[in-house]
Amino acid sequence: MANWQRAADLDEVWDGVVNKAVVADIRLILLRQGDEIFAYDEACPHEGHPLSQGELVEDVVVCARHLWEFEIRTGRHISRIHRPQCDLKPFPVRITDGAVEVDVAGGGG
């Protein structure tokens, strides 16, 4: 069963940067590309470094620690060799009345 929680106001989630949020004690990053918003677990799957300390280069999130790269639309790990076990953990997102909501029950997997 879905558990939609407010993560941020839509106008607080900026395009071109890694936005961070905490929802139900889950640390997330919110990535905006135009009208679309993507939510992922904040911990880099490599060594758990906070992806909120990384940067967004066009449509790629770059981890600050070891420069691992991930596509923002899919969370797919794209550094050198694709390692599916290292893809980012996504959370479903919806926009309701100007708020970004994340389904904390349907994410992380």
> Which members of segment 1-39 meet the condition of being surrounded by fewer than 16 Cβ atoms within 10 Å (Cβ to Cβ), touching a Leu at 6+ places or on another chain (Cβ under 8 Å) and farther than 13 Å from V104 by Cβ?
Replying inline: G16, V17
> Tally time: how many residues in segment 40-65 are buried (at least 20 other Cβ atoms within 10 Å of the Cβ) and among the acidic types (D, E)?
Replying inline: 2
> Within the bounds of segment 67-84, is there any residue that is loosely packed, with under 15 Cβ neighbours inside 10 Å, within 28 Å of W4 (Cβ to Cβ) and over 15 Å from the mean Cα position of the chain (by Cα)?
Replying inline: yes
> Residue check, A2 against (1) among the aliphatic types (A, V, I, L, M); (2) closer than 17 Å to I95 by Cα; (3) within 14 Å of the chain's Cα centre (by Cα); (4) assigned to a loop (DSSP other than H, G, I, E, B), all met but one. Which one?
Replying inline: (3)
> Got a number for residues in segment 99-109 being assigned to a loop (DSSP other than H, G, I, E, B), modelled with pLDDT of 90 or more and crowded, with 16+ Cβ neighbours inside 10 Å?
Replying inline: 1
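Hey, can you tell me all the residues within segment 46-103 that are among the aliphatic types (A, V, I, L, M), in contact with a Phe, Trp or Tyr (Cβ under 8 Å, 6 or more places away or on another chain) and under 18 Å from W14 (Cα atoms)?
If the condition is that a residue be among the aliphatic types (A, V, I, L, M), in contact with a Phe, Trp or Tyr (Cβ under 8 Å, 6 or more places away or on another chain) and under 18 Å from W14 (Cα atoms), then L51, V60, V61, V62, I72, V93, V102 are the ones that fit.
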>> Step by step: first the residues of segment 60-98, then only those that are in a loop (DSSP other than H, G, I, E, B) and in contact with a Gly (Cβ under 6 Å, 6 or more places away or on another chain), then the one that is nearest to G34 (Cα to Cα). Which residue is that?
In response: P92
>> Would you confirm whether or not segment 11-23 contains a residue that is assigned to a helix (DSSP H, G or I), within 21 Å of I95 (Cβ to Cβ) and over 13 Å from the mean Cα position of the chain (by Cα)?
In response: yes
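The values are calculated or read from the model by the stated rules, or taken from the named source; none is laboratory data. Keep in mind that what you see is a predicted model, and the values were worked out from it rather than measured. As a convention, Cβ positions derive from the backbone with ideal geometry for all residues, glycine included, and neighbour counts pool all protein chains shown.
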